[in-house]
Structures are given as C-alpha cells and as structure tokens.
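Beneath this line is the structure, given in structure tokens, with notes to follow.
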Amino acid sequence: MSPIRGAVARCDTMEHGFDIFRHLIHYGCHLLVPLAFARLFGKDRWRGAAVIMLATMCIDLDHLMATPVFDAARCSIGFHPLHTLWAALVYLTLAAVPEWRVRAVSLGCLWHLATDFLDCLLGRL
C-alpha cells in the first residue's frame, strides 16, 4: 500500500472513530443526563421528572417535516420548528410556571436543544 493510501485509510478510520464518539456523546446527553437532572426534583418526584424529561425527545417529531427526514450534515438548531430560538423562548418561559411537571418539560426541552447544539458544534470539527 502506498504511503498516501495508508494516510487516507488512517484518516477515514479516525473520522469514523470520531463519529462514533460524537454519537455516544449526543445520545448519552439525550438519554442519561436527564436522569441526573431528574434528581433535582427531589426524592419523591425524580422518577416522574425523568419520564417527563425523556418524553421531551418528542420534539424531534418535527424532523418528520424535513426532506430528507435525516441528514447527518444538517444542524437541527434553527432548521426544525421546535428547535428554533422562538421555541427555546417558549421552553424558557415554561420554567417560570411553579408546577414541577411543567418545569420538567422546560428543563427537558432546553437540555434537548443544548444537546443538539453541542452535536452541531462537534459536527463541524
């Protein structure tokens, strides 16, 4: 194998390894961190808060309106309707509601956007 082909093969392998790392970070943040956040809601409510925050993954249903539905090179922040600044302002406003369930929705949606934003940043590397 020529030195150039070997370098290209190593680069492809490194890129593939980074993609795996990126997906582990992305889905770990989507699925595991909300469980940790749920503990903020107290001993009696953390399970309910965890379910609510994991259910906020449903904001990804707005991806179904895009063509194609999935594009690895597309950043969802600012592209999909429930991933816009306007949506984030609504989610932030929900944090002011004193009901813990509404605050769990707010935190779950805001964390979802933060996770997707991080994925956008990692996708540019």
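Note on THR67, THR56: ascending count of other Cβ atoms within 10 Å places them as THR67, THR56, the fewest first. Under Stokes-Einstein, with the Kirkwood radius over Cα pairs as Rh, the value for the range 3-123 at 20 °C and 1.002 mPa s is 135 µm²/s. Over every pair of different alpha-carbon atoms in the range 34-91, take the mean of 1/r and invert it; report that Kirkwood radius in Å. It works out to 13.0 Å.
Laboratory data are not the source of any read-out in this text; all were calculated from the coordinates shown. What you are looking at is a predicted structure, and each value in this text was computed from that prediction instead of being measured. Glycine also receives a Cβ, built like all others from the backbone with ideal geometry; neighbour counts cover every protein chain displayed.
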